[in-house]
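Working notes, structure below.
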Amino acid sequence: MTTKQCAATAPSQTGLFGEADLSQERLFQRNLRFLIATFSCMIASAFILLFVGAEPWPLVGNVISWIGLALGFPMFWLAAKTVFSRRPRLTTEVFITLALIAVVYEQGYWYASWIVFIMWLGESLMAWAGRHARNAVDALLRLVPRQARLVTPDGTAMVPVEEMRIGQIVAVHPGERVPTDGVVARGETAIDESMLTGEAVPADRGVGDEVFAGTYNLQGAIQVRVTAETADNTVTRIVNLMRQAQREHVPAQRTVDLFLKWFLPAVLVIAAVTGILTGSLERVAVILLVITPCAFAASTPLALVGAVGNAARRGIVIKGGSSLEALSRATTVLLDKTGTLTASTPELATLDAFAGFAEQDMLRLAAIAETQSSHPLARAVCDTAEARGLDVVEPDHFEVASGHGVLATIGDHRLAVGNERFFAQRGLSLPPEVREQAERREAAGHTVAYVLDRDIVIGVLGFLAQPRASAPAVIAGLRRLGVRHVVMVTGDRSRPAEAVAQRLGIEYKAQATPQAKLDEVQRYQRDGQVVAMVGDGINDSTALAAADVGVAMVEAGAEVAALAADVVVHGDHLGSVLSAAKLARRAIRTIQLNIGFAVGYNVIGLIFALAGLISPGAAALFHAASFISVVVNSALILGYHPTAPEELTSGRPGGSVERSTTVVPAGDQR
């Protein structure tokens, strides 16, 4: 890839969508058009020259070959500018241009068009790898509403979010995204903050609590006092962090370029000396034909095509050769918790029955109370009850009550399900036995909810996002590949994070904001580690962009993480991360072997050429053999099958719920 292409691949440093991003898209489209045109010319001329011998068709075939050769003019122009600049340099473009001159001198017109096609193939693949910066920012910004419902003395008015000022009040209805960073001035609700924290459990928010732009209001109508203008809200800061992290991400220097940097000048000197000493331009042409770096140029892109094709069949998208290289060398892997190491939604993990209620009866009443709620914890309760075959009917009355809970009636039962804050606001206190059991559950990392009937606690529900069944095997597999540090970084609370980390035997960092995750990536990089970041949410996007390689596990709605990452795993399969790591190592070994083939053929061919043992025609065949070896070796990667653990389920929901029944006299709770 040329220096100009490298510059175009970097994210723009000015504007929301900078010229560099647009230039990269145009560069890819241009390269693709040239690739298709040169391929058409090469195939057409080959057919004519091989199968149509009558005049004037051989001349037509040569003319078409000349057209294919002429399609390399951007490379020829760049080579000319490089040679005649104030600081001339010997680049790949310069050497290929000289080699093509030698090929044309020997009237190898079709072979010249073939060389141009191979070069455009490599250039197109390189340009394709850098097209995603603009889309990542675009997807993130779409999460923030473009208008806000501003509260005025005369009512409400819709205004552009850019016109909001600090201290103003905006109204947010249920089912809407919050348009600004601010604090709740009126009302109570549950906010889905997964786009920032990655956590599936909605956060309860009331007067005085912070809310953030782009988060989703699930239940109640609230009014929010603006604390940050649009240019300085949470989403804008994340965008700036992404841009900064991408600017600091420097791809590894390609082995091929290093080889060409030192080897090709020596070859040109040898060819010039040989021509002077022998007086034979044919000998010079033989040397240049043997050393023409088509095999070198194809060694990386062809292996990349094979690796990308293999990965695509497994739902894995690899965005470039530098991503493969970094993933193959990763020594530290940072993993998000929710949606990555654990399931995206929590499960009902424990049931504690009180007041003489049987566990099944308590669970049935809780499910009846929650059956009309869309809260993720309510869904977990209902799924467990359904899995146990309980008779869950619609309640006679249902309402989402202020204070983060639900109220329902069924027959003689007046039910309530909610957290401790909900019941404290209703003037109810928890009995000591209930509080002690709840504290034990919370210490084990559970999110706790209480079930009441007629203001009497009849149960405690413990929710936990369970580690994936494949997580231990994936972690062990990464360690066998040479990964020294496996660390969980999560925005969740310390206790749930510690519970998961202990079960998996890994390090962890809890309550990590997007900035903290970025700091963690950079800390390991300063220690000389090659860092891979695995995540699934917007809160991971800055760390994904800053890591040496970012791996995103995505489903529908997680486009930002996908676009910010270097490797994308589609579907809810942690085992695919291990497959991607194994495939990356296989791809890099294939590239190294390709380079070995190219070096071997070129060195041997150069020796034969210097000794005058081969003709220009034989030199062309010799060079073709090196290219065919690279093609065949690269094609083998398509049949590679990386083994990885499959996702297993623990059976039907509720099948592994821990049970504990505590009998407490009803009179003790009044």
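The values are calculated or read from the model by the stated rules, or taken from the named source; none is laboratory data. Just so we're clear, the structure is a prediction, and the values are computed from it rather than from any experiment. Here the Cβ positions follow ideal geometry from the backbone for every residue, glycine too, while neighbour counts run over all protein chains shown.
From the set of residues in region 442-459 that are over 20 Å from Cys382 (Cβ atoms) and within 37 Å of the chain's Cα centre (by Cα), which is surrounded by the fewest Cβ atoms within 10 Å (Cβ to Cβ)? Filtering first and then ranking leaves Ala443. Kindly indicate whether His446 is out of contact with any Leu (no Cβ under 7 Å at 6 or more places or on another chain), within 19 Å of Asp336 (Cα to Cα) and touching a residue at least 60 places away in the same chain (Cβ under 8 Å). For His446, the condition - out of contact with any Leu (no Cβ under 7 Å at 6 or more places or on another chain), within 19 Å of Asp336 (Cα to Cα) and touching a residue at least 60 places away in the same chain (Cβ under 8 Å) - is not met.
Does Arg414 satisfy being outside any strand (DSSP E or B) and of a type outside the set (A, V, I, L, M)? The answer is no for Arg414.
Against the criterion of being acidic (Asp, Glu) and touching a residue at least 40 places away in the same chain (Cβ under 8 Å), Asp540 qualifies.
Taken over region 417-438, the residue count meeting the criterion of being in contact (Cβ under 8 Å) with a residue 40 or more places away in the chain, of a type in the set (S, T, N, Q) and outside any loop (DSSP other than H, G, I, E, B) is 1.
Looking at region 305-347 only, could you name the residues that are among the aliphatic types (A, V, I, L, M), in contact (Cβ under 8 Å) with a residue 40 or more places away in the chain and part of a helix (DSSP H, G or I)? Give the steps one after another, and end with the answer.
Quick first cut of region 305-347, residues among the aliphatic types (A, V, I, L, M) only: 305, 307-308, 311-312, 316-318, 324, 326-327, 330, 333-335, 341, 343.
Keeping just the survivors that are in contact (Cβ under 8 Å) with a residue 40 or more places away in the chain gives 305, 307, 311, 316-318, 324, 326-327, 330, 333-335, 341, 343.
Result: Val305, Ala307, Ala311, Leu324, Ala326, Leu327.
Of the residues Phe51, Phe28, Phe34, Phe76, the single one that is modelled with pLDDT of 75 or more and exposed (fewer than 15 other Cβ atoms within 10 Å of the Cβ) is Phe51.
Of all residues in region 311-366, those satisfying the criterion of being touching a Ser or Thr at 6+ places or on another chain (Cβ under 7 Å) and among the charged types (D, E, K, R) are Arg314, Asp336, Lys337, Asp352, Glu359. Go through region 80-128 and give me each residue that's at pLDDT below 85, small (Gly, Ala, Ser) and part of a helix (DSSP H, G or I). Residues satisfying the conditions are Ala99, Ala102, Ala112, Gly122, Ser124, Ala127. Among the residues of region 500-529, just one is of a type in the set (Asp, Glu) and surrounded by 19 or more Cβ atoms within 10 Å (Cβ to Cβ), namely Glu520. Residues of region 589-605 that are of a type in the set (A, V, I, L, M) and surrounded by 14 or more Cβ atoms within 10 Å (Cβ to Cβ): Ile591, Leu593, Ile595, Ala598, Val599. Look through region 439-475, keep the residues that are small (Gly, Ala, Ser) and assigned to a loop (DSSP other than H, G, I, E, B), and return whichever of them is farthest from Ser576 (Cα to Cα). Of everything passing the filter in region 439-475, Ala444 is farthest from Ser576 (Cα to Cα).
Answer yes or no: is there a residue in region 348-368 that is without any contact (Cβ under 8 Å) to a residue 40 or more places away in the chain, of a type in the set (Asp, Glu) and surrounded by fewer than 19 Cβ atoms within 10 Å (Cβ to Cβ). Yes: region 348-368 contains one or more residues that are without any contact (Cβ under 8 Å) to a residue 40 or more places away in the chain, of a type in the set (Asp, Glu) and surrounded by fewer than 19 Cβ atoms within 10 Å (Cβ to Cβ). Of note, Ala366 satisfies the criterion of being assigned by TED's automatic domain parsing to the domain that holds Arg426 and within 22 Å of Ala343 (Cβ to Cβ).
Considering region 143-215, the qualifying strands (runs of 3 or more DSSP E), each wholly inside and each with 2 or more residues that are more than 27 Å from Gly535 (Cβ to Cβ), at pLDDT below 95 and of a type in the set (S, T, N, Q), run over 147-152. Considering Asp383, Asp391, Asp412, Asp396, the condition of being under 18 Å from Arg364 (Cβ atoms) and either touching a strand residue (DSSP E or B) at 6+ places or on another chain (Cβ under 7 Å) or in the same structural domain as Asp192 (by TED's automatic domain parsing) (or both) is satisfied by Asp396 alone. Among the residues of region 374-430, those that are of a type in the set (Ser, Thr, Tyr) and either crowded, with 20+ Cβ neighbours inside 10 Å or modelled with pLDDT under 90 (or both) comprise Ser374, Thr384, Ser402, Ser429. Within region 147-169, the set of residues being over 17 Å from Thr234 (Cα atoms), of a type in the set (Val, Ile, Thr) and under 35 Å from the mean Cα position of the chain (by Cα) comprises Val159 only. How about region 460-499: which of its residues are crowded, with 22+ Cβ neighbours inside 10 Å and either among the polar types (S, T, N, Q) or at positive phi (or both)? Matches in region 460-499: Thr490 only.
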